[in-house]
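Q: Quick one: the structure is below, questions incoming.
The values are calculated or read from the model by the stated rules, or taken from the named source; none is laboratory data. Just so you know, these numbers come straight off a predicted model, no measurement behind them. Note that each Cβ is placed from the backbone with ideal geometry, even for glycine, and that neighbours are counted across all protein chains shown.
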Amino acid sequence: MNQVNTIIIGAGAAGLITAYELTKAGKKVTILEARNRTGGRCHTFSGDDFTIPIELGAEFVHGELPLTLKLLKEANIKYEAVCGDNFQSKNGKIKPSEFFMEHWDEFEKALNEVQEDQTLEQFLQQNFQEEKFAGLRKSIIQFAAGYDTADPKRVSLFSLRDEWLSDHEEETQYRISGGYIQLMDFLADQIKKSGGEIFLSSIVKQVNWQVGSLEVITADNASFTGKKLVLTVPLGVLTLTENEAGAITFNPNIPQQIKAAAEMGFGGIIKILIEFIEPFWEQRGLNNLQFLFSEEKIPTWWTQNPQKNNVLTGWLGGNPQDEIQKLNDGKILKEAIHSLAHIFKADASFIEQKIVSAKVYNWTADPFTRGSYSYATIQTPSARKTLKTPVAQTIYFAGEALFEGEQLGTVEAALVTGAAVAKEIIDAQEYKIY
């Protein structure tokens, strides 16, 4: 049995920043991580004949995000602005990307007039059911699924309105030199230097708890005891039922919190990274390509611009229950190749012959994620309030899903919520070091 004070389940961004802040304050902390690596949904990968590190998970810093940029500066980690030109492929033609959606003005007007929150599906059915709006409905649903990974049957219309009709200018996006692993490794190293412990390949199966005391048991029957527990696992794991693989059992149960987690939205993402022998898209006039949007099965692609290399990243967001989310990696790669072939009016064999290395990462199939990142449902505000309230000052929750604001679903969101929980624990009068 390992005696500790604060146990954190999950060594993703939220878990690491929580431990980082607690250990800086002199607290004794142990992190239990199911994977054989730290970082969680930040997953920088090197290998498989790729000539550069690639991001299988989080990749961008979405604007001037205070905590992320503060930590990067503190760690002396370089980052650079993403740049280049955006293009779209439609009806067999690739053109500079421009926002145009037929009937958008009518859609925006109706959206602004809504007084009570509802789902996107309800809104479209009530206002845009006519056949002439079929294209609009398809485009709106695709955008909500692709960017927000949102299910139209569940996503909050108000959350989409706040995002889509925002007056904010588009902010510069950044990419971390060497990948998010640089920041995750910095946090992990600082935790260890301050006396914290990180146990990898430690799959938590059970939490036995009472007020001010708890025991965590892993799949290999290791036991850890402490005073506080911080849960930073993704919603897809937190909501697993007792008989599902990877589920965490609580004794006594915490039904209100599990119900709240299930009421929040959690999407699915597949990333496909392909390195080619040459940047063949430049031969098609896309010399300064940044993002390429299409209507293919793998619709969104981007380069590593401003870094000049031969890697394209494909992105598919949506409902974890979508059929394509259930395909194996080989079939997903085949869909990706066919998508590129259609976009560039080439045979699939032309694309295949230029591939040096390819990697598919399906976050829905990852047993320790079961999806990608969260989106807001109508129930999210009340559910978030439930999860942000500690259970008997003993069990705490942190993670991107608990963030209130525009950065929901980002690494910044995870960092901010983790840091907030750490402060809450530090400030708690009953917290003592033994």
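Q: Select from the range 345-364 the residues that are modelled with pLDDT under 95 and either crowded, with 19+ Cβ neighbours inside 10 Å or within 18 Å of VAL411 (Cα to Cα) (or both) and list them in ascending order.
A: THR364
Q: While we're looking at this one, here's another question. What about THR394, is it in contact with a strand residue (DSSP E or B) (Cβ under 8 Å, 6 or more places away or on another chain), surrounded by fewer than 21 Cβ atoms within 10 Å (Cβ to Cβ), of a type in the set (Ser, Thr, Tyr) and more than 19 Å from ALA145 (Cα to Cα)?
A: Criteria met by THR394.
Q: Something else: Show the residue pairs meeting these rules: Cβ distance below 7 Å; 6+ apart or different chains; first residue within the range 315-340 and in a loop (DSSP other than H, G, I, E, B); second residue among the hydrophobic types (A, V, I, L, M, F, W, C).
A: Correct list of pairs: ASN319/ALA145.
Q: Going residue by residue through the range 211-234, is there one that turns out to be of a type in the set (Asp, Glu) and in a strand (DSSP E or B)?
A: Checked against the condition, which is being of a type in the set (Asp, Glu) and in a strand (DSSP E or B), the range 211-234 yields at least one hit.
Q: Filter the range 389-417 down to the residues that are out of contact with any Lys or Arg (no Cβ under 9 Å at 6 or more places or on another chain) and free of Cβ contacts under 8 Å to residues at least 24 places away in the same chain, then identify the one that is nearest to LYS228 (Cα to Cα).
A: THR389
Q: Scan (1) within 20 Å of ALA144 (Cα to Cα); (2) assigned to a loop (DSSP other than H, G, I, E, B) for the single condition GLN307 breaks and write down its number.
A: All conditions are met except number (1).
Yes or no, residue by residue, for (1) basic (Lys, Arg); (2) loosely packed, with under 15 Cβ neighbours inside 10 Å; (3) out of contact with any Ser or Thr (no Cβ under 8 Å at 6 or more places or on another chain); (4) part of a loop (DSSP other than H, G, I, E, B):
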{"site": "GLU242", "(1), (2), (3), (4)": "no, yes, no, yes"}
{"site": "ASN253", "(1), (2), (3), (4)": "no, yes, yes, yes"}
{"site": "GLN256", "(1), (2), (3), (4)": "no, yes, no, no"}
{"site": "ALA261", "(1), (2), (3), (4)": "no, no, no, no"}
{"site": "ILE270", "(1), (2), (3), (4)": "no, no, no, no"}
{"site": "GLU275", "(1), (2), (3), (4)": "no, no, no, no"}
{"site": "GLU278", "(1), (2), (3), (4)": "no, yes, yes, yes"}
{"site": "GLU295", "(1), (2), (3), (4)": "no, no, no, yes"}
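Q: Working carefully through the options LEU160, LEU183, find the one that is farther than 30 Å from LYS78 by Cβ and among the hydrophobic types (A, V, I, L, M, F, W, C).
A: LEU160
Q: Which one of these is surrounded by fewer than 21 Cβ atoms within 10 Å (Cβ to Cβ), over 22 Å from ALA75 (Cβ atoms) and within 23 Å of the chain's Cα centre (by Cα): GLY212, GLY246?
A: Residue meeting the stated conditions: GLY246.
Q: Applying the selection to the range 123-152, what residues are among the small types (Gly, Ala, Ser) and either modelled with pLDDT of 95 or more or in contact with a strand residue (DSSP E or B) (Cβ under 9 Å, 6 or more places away or on another chain) (or both)? If you could, list the steps in order and put the result at the bottom.
A: Step one: filter the range 123-152 for residues among the small types (Gly, Ala, Ser), giving 134-135, 139, 144-146, 150.
The answer is ALA144, ALA145, GLY146, ALA150.
Q: A further question on this structure: Name the one entry in ARG37, ARG41, ARG137 that is in contact with a helix residue (DSSP H, G or I) (Cβ under 8 Å, 6 or more places away or on another chain) and closer than 30 Å to ALA219 by Cα.
A: ARG41
Q: Has the range 155-165 got any residue that is modelled with pLDDT of 95 or more and touching a Gly at 6+ places or on another chain (Cβ under 7 Å)?
A: yes
Q: Let me ask you something else. Being among the β-branched types (Val, Ile, Thr) and not in a loop (DSSP other than H, G, I, E, B) is the filter here, so list the residues in the range 1-37 that pass it.
A: THR6, ILE7, ILE8, ILE9, ILE17, THR18, THR23, VAL29, THR30, ILE31
Q: Give the range 281-292 a look and list any residue that's closer than 18 Å to ALA336 by Cβ and either surrounded by fewer than 18 Cβ atoms within 10 Å (Cβ to Cβ) or without any contact (Cβ under 8 Å) to a residue 24 or more places away in the chain (or both), or say none.
A: If the condition is that a residue be closer than 18 Å to ALA336 by Cβ and either surrounded by fewer than 18 Cβ atoms within 10 Å (Cβ to Cβ) or without any contact (Cβ under 8 Å) to a residue 24 or more places away in the chain (or both), then ARG284 is the only one that fits.
Q: I want to confirm something. Restricting to the range 308-327 and keeping residues that are under 19 Å from ILE355 (Cα atoms) and of a type outside the set (Gly, Ala, Ser), which single residue is modelled with the lowest pLDDT?
A: Only one residue fits best here, namely LYS308.
Q: Sticking with this one: I'm checking my understanding of the structure. Among residues of the range 84-118 that are surrounded by 15 or more Cβ atoms within 10 Å (Cβ to Cβ) and in contact with a strand residue (DSSP E or B) (Cβ under 6 Å, 6 or more places away or on another chain), which one is modelled with the highest pLDDT?
A: Selected residue: ASP117.
Q: Hey, among ASP117, ASP105, which residue is outside any strand (DSSP E or B), free of Cβ contacts under 8 Å to residues at least 12 places away in the same chain, over 21 Å from GLN290 (Cβ atoms) and among the acidic types (Asp, Glu)?
A: ASP105
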